[in-house]
Amino acid sequence: ELKVEQNPLFLSMQEGKNYTIYCNYSTTSDRLYWYRQDPGKSLESLFVLLSNGAVKQEGRLMASLDTKARLSTLHITAAVHDLSATYFCAVETSGTYKYIFGTGTRLKVLA
Amino acid sequence: DAGITQSPRHKVTETGTPVTLRCHQTENHRYMYWYRQDPGHGLRLIHYSYGVKDTDKGEVSDGYSVSRSKTEDFLLTLESATSSQTSVYFCAISDFAIADHTGELFFGEGSRLTVL
């Protein structure tokens, strides 16, 4: 059974600092997704990572995937308050079309 | 934005009553999903569908049933609601089965259910 673990669960950081969120998963998969959720809102897609070594960047966020280590990272560079949200990774269990989510990382960026 | 509509958006009901949540899509995507979101648990998959009349269980399917009689509609039913089913329910669709798909999930706005 696929398990997806994120850490940290909570992250409070100062504006301008860098930090990394980690997403580990337990079984083979080549597809990993990152989503953002603002309080009381739905989830919006941030990154789609479809192969080993994939790296995607959007603004101050960069996501990468290492399928051999079963690890994805979401790196935040020079955080700003607008990045405050909950971030989820999700893994598609190969060939089943089922997506399992991590428990989320609640990020708070302090001015 | 992906055309996904959930209804009702908010519902309060009593223990033991049946409840049906509806997800309607205009994207003609084959794959549809129901998740529940609870503090400390993230999103957990309840059921999903890979075509009309084709459904399968997810991580937390007990107490829930689903139906999909048309491509555009995916219904989630709680036959006899319990307080433990108080949650926010999200419907999602995926572009699997489309050429050059990414498998990205697109979410509805959510349905907040309170069972008293």
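The values are calculated or read from the model by the stated rules, or taken from the named source; none is laboratory data. Because the structure is predicted, anything quoted here is derived from the model rather than measured. Here the Cβ is made from the backbone with ideal geometry for all residues, glycine too, and neighbour counts use every protein chain on show. For accessibility, only protein heavy atoms count, side chains too; no ligands or nucleic acids. Shrake-Rupley method; radii C 1.70, N 1.55, O 1.52, S 1.80 Å.
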Q) So what are the ³J(HN,Hα) numbers for segment B:104-116, from phi and the Karplus equation (6.51, -1.76, 1.60; θ = phi - 60°), rounded to whole Hz, Gly and Pro as x? A) 4, 8, 10, 10, x, 7, x, 10, 8, 10, 10, 10, 8
**Q.** Check: chain B dipole with +1 on Lys, Arg Cβ and -1 on Asp, Glu Cβ, in debye
**A.** 320
Q: Could you order B:THR82, B:THR77 so the one with the most accessible surface comes first? Probe is 1.4 Å.
A: B:THR82, B:THR77
Q) What size of dipole, in debye to the nearest 20, comes out for the protein assembly as shown about its Cα centre when the only charges are +1 on Lys and Arg C-beta atoms and -1 on Asp and Glu C-beta atoms? A) 300
Q: Could you work out, residue by residue across A:86-93, how many beta carbons of other chains sit within 10 Å of that residue's beta carbon, and then give the average as an integer?
A: 2
Q) Which three lengths, in whole Å and largest first, does the protein assembly as shown cover when its Cα atoms are put on their principal axes? A) 50, 39, 32
Q | Listed residue (B:SER87, B:GLY63, B:LEU43) projecting farthest to the positive dipole end of segment B:1-109, Cβ model | A | B:GLY63
Q) Ignoring ligands, DNA and RNA, how much accessible area is buried between chains B and A, both sides summed, with a 1.4 Å probe, to the nearest 100 Å²? A) 1800
Q | For chain A: span of alpha carbons on each principal axis (Å, largest first) | A | 43, 29, 20
Q.
Beyond a 23 Å Cα-Cα separation, which of these cross-linked pairs lie in this structure: A:LYS108/B:LYS57; A:LYS3/B:LYS57; A:LYS98/B:LYS53?
A. A:LYS108/B:LYS57
Q.
Kirkwood hydrodynamic radius, segment B:1-90, all distinct C-alpha pairs: what's the number in Å?
A. 13.4
Q. Loop-only check: which trypsin sites (Lys or Arg not before Pro) in segment A:1-89 are DSSP coil with at most 15 other Cβ within 10 angstrom?
A. A:LYS3, A:LYS17, A:LYS41, A:ARG60, A:LYS68
Q.
Solvent-accessible area of B:GLU14, probe 1.4 Å, all protein chains present, reported in Å² to the nearest ten, please.
A. 120
**Q.** In sequence order, calculated HN-Hα J values of segment A:45-59 (Karplus, 6.51, -1.76, 1.60; Hz; x Gly/Pro)
**A.** 6, 9, 9, 10, 10, 10, 7, 4, x, 4, 9, 10, 9, 8, x
Q.
Just to check I understand the Karplus step: with θ = phi - 60° and J = 6.51 cos²θ - 1.76 cosθ + 1.60, what whole-Hz values come out for segment A:75-88, glycine and proline as x?
A. 9, 10, 10, 6, 3, 10, 4, 5, 7, 4, 4, 9, 10, 10
